[in-house]
């Protein structure tokens with residue numbers, strides 16, 4: 001049990017390193033909280049600073065998760081085996097999403113979660129991540145993919161990894177829901193921004209959803225009134 005706790009602590013400490021923070025400072029001399037949405041994640045950095053900075057954040061978040069799991073496994077594999085990967089990976093997810101040094105206001109945790117799933121469930125984790133990624137690209141909705149990936153992984157976690165692995169994946173799903181439910185609400189309301197779309201499609205969508213001006217409303221109201229009188 002002690003080794004499980006230590007693995008989780010190692011994961012949490014490394015997970016608290018938000019790659020977006022030093023990357024944002026390097027490129028802009030601003031804290032990530034001052035840029036765009038303020039979210040310390042790849043999407044915000046890529047949208048506000050550029051693709052190179054965004055991919056740097058992506059690689060950094062993947063590496064910190066792999067390092068957390070690798071160190072824990074090397075230290076404790078003889079005592080707890082594969083559980084070192086489960087606990088350290090979950091610790092990294094918590095560290096990224098709820099870092100103590102940032103008043104527990106971290107990133108959305110998609111990259112860390114996907115990295116952990118791919119390692120914890122080598123075949124099915126990779127498969128569901130690819131499927132979830134394709135759905136995200138097709139729909140353009142980042143919150144949707146963030147929730148679908150651990151949701152798709154859940155049954156395979158129970159079937160191939162056992163009850164403990166299934167419970168861990170369930171926790172990761174609940175964390176993703178807690179971090180992305182506002183985005184899902186915006187999707188249902190039709191106001192969530194869609195990514196991975198051509199400029200022409202974005203312009204067409206904006207044109208189709210353009211709100212009528214005050215003059216248009218008044219004119220339509222007068223026309224309706226005239227129709228009723230005749």
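The values are calculated or read from the model by the stated rules, or taken from the named source; none is laboratory data. If you're wondering where the values come from, they're calculated on a predicted model, not measured in any experiment. Every residue, glycine as well, gets a Cβ built from its backbone with ideal geometry; the counts of neighbours run over all protein chains shown.
For this structure, a couple of remarks:
- Of the residues making up segment 107-123, those that are over 28 Å from residue 190 (Cβ atoms) and outside any helix (DSSP H, G or I) number 1.
- Considered as a group, the residues in segment 88-105 that are assigned to a helix (DSSP H, G or I) and out of contact with any helix residue (DSSP H, G or I) (no Cβ under 7 Å at 6 or more places or on another chain) include one that is surrounded by the most Cβ atoms within 10 Å (Cβ to Cβ), and that residue is 102.
- Only helices (runs of 4 or more DSSP H) whose full extent lies in segment 124-230 are considered here, and the ones with at least 1 residues that are at pLDDT 95 or above are 142-156, 163-189.
- For residue 84, the conditions (1) more than 18 Å from the chain's Cα centre (by Cα); (2) surrounded by fewer than 24 Cβ atoms within 10 Å (Cβ to Cβ); (3) farther than 23 Å from residue 133 by Cα all hold with the exception of (2).
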